[in-house]
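To start, the structure itself, in structure tokens.
The values are calculated or read from the model by the stated rules, or taken from the named source; none is laboratory data. Keep in mind it's a predicted model, so treat the numbers as computed, not measured. All Cβ positions, even for glycine, are placed from backbone atoms using ideal geometry, and neighbour counts span all protein chains on display.
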Amino acid sequence: MQAVDSRPAPASAPPVVKDRASGRRKRDARTAWLLSLPTLVILVAMLGYPLYRMIVLSFQNMRLRELFTGATPPWAGFDQYAKALTDEVFWGIVGRTAAFTVVSVTLSVTAGLGIALLMRRVHAKVRIFMMVAMMFVWALPQLVAAQAFRWLTDSDFGVLNYLFSKVFGDEWLNHSWFVNPWEGWAVITTLVVWAGIPFLAISLSAGLTQVPKELLEAATVDGASAWQALRNITLPILKPLLTIVTTLSVIWNFGLFTQNWALRDSHPEPVYQTLATYSYTQAFGRSLYSYGSAISVITVLLMLGVMVFYIRQMFKIGEVD
């Protein structure tokens, strides 16, 4: 005689409930797209069309004659790209821009993380004061900040030279910070890092609120040092946010233009050229509009990999949420 299994069958969601949930998700997705549509239209109008025109122009040979007469520029195929890709000056600027990006992003993220960790340890009033001060720096226009740094490092009446002369001697009087490219890039990098720290520090400080205090307390009880707790607990939890803010910093710093353009009085020397300033100089300084457009397209392509990585990280965070 066989035993009869009297256990109830596992409960399963009724088909009607599943259909309702699926329909609700579809409606939510449709609503999200409808709400995003105005923004997408504006982005296409403001960014898509200029990008399209820039790509078309890079395959032409736009000169002053076509600019003033309105005639269609002759097609040049890939000549502008071949000119850029075989130019040693161009590749030198690519390397300089990449090196600046690596150094400035590393310093910015490290300093931002350090300040964020400090903000979690100070009194609430001190934390609020720090956030207000950093928001002021973040809200300051790049051109205004660049002019302030230009005044600080001026060779004739700069405050920095005055302070250095009091500490290290009179040889710092009338010192020009941009004669030596290493010193000049140190000034530019300091400006960019100083302006980028507020966003990083405030963002990472908000992320630190998601780190459970219980884990940190348990690690302390187990004898873990502050560095071990940071490496094994805090950083893994902050990794998604840290990846996002680092990627954004790479995108912003790779497109450096305003800071070195203003610090060099709108005429950056060859050693201070970046991809953004070089493209602008070629297009509007030498009237090589198509060549400048080709350089801009190459810059966009170089940044495309970083942008794709950023978007993938955003989708991963969305899936986790």
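Worth pointing out:
For (1) loosely packed, with under 12 Cβ neighbours inside 10 Å; (2) of a type in the set (D, E); (3) in a helix (DSSP H, G or I), each residue gets a yes or a no:
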site	(1), (2), (3)
F136	yes, no, yes
N174	no, no, no
V187	no, no, yes
V192	no, no, yes
I197	no, no, yes
E214	yes, yes, yes
E217	yes, yes, yes
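- Being surrounded by 14 or more Cβ atoms within 10 Å (Cβ to Cβ), modelled with pLDDT of 90 or more and closer than 23 Å to A98 by Cα is a property that holds for V245.
- Which listed residue is modelled with pLDDT under 95 and either more than 20 Å from D87 (Cβ to Cβ) or surrounded by fewer than 19 Cβ atoms within 10 Å (Cβ to Cβ) (or both), from Q282, Q259: Q259
- When residues in segment 153-169 are screened for being part of a helix (DSSP H, G or I) and in contact with a helix residue (DSSP H, G or I) (Cβ under 6 Å, 6 or more places away or on another chain), 5 of them pass.
- Yes/no for V271 being at pLDDT 90 or above, more than 12 Å from R96 (Cα to Cα) and of a type in the set (A, V, I, L, M): no
- Which numbered condition V300 fails, given (1) surrounded by 20 or more Cβ atoms within 10 Å (Cβ to Cβ); (2) in contact (Cβ under 8 Å) with a residue 24 or more places away in the chain; (3) over 21 Å from G112 (Cα atoms): (1)
- Matching entry among R53, R150, R121 (being in contact with a helix residue (DSSP H, G or I) (Cβ under 6 Å, 6 or more places away or on another chain) and of a type in the set (D, E, K, R)): R150
- Any chance Y310 is part of a helix (DSSP H, G or I), aromatic (F, W, Y) and at pLDDT 90 or above: no
- Within segment 176-185, considering residues that are free of Cβ contacts under 8 Å to residues at least 24 places away in the same chain and not in a helix (DSSP H, G or I), the one nearest to R96 (Cα to Cα): N180
- If the condition is being surrounded by 10 or more Cβ atoms within 10 Å (Cβ to Cβ) and of a type in the set (S, T, Y), then segment 19-78 contributes S22, T31, S36, Y49, Y52, S58.
- Once segment 211-227 is narrowed to residues that are among the aliphatic types (A, V, I, L, M) and free of Cβ contacts under 8 Å to residues at least 12 places away in the same chain, the residue that is nearest to L117 (Cα to Cα) is A226.
- Taking the numbered list (1) without any contact (Cβ under 8 Å) to a residue 40 or more places away in the chain; (2) crowded, with 18+ Cβ neighbours inside 10 Å in turn, F254 passes all entries but (1).
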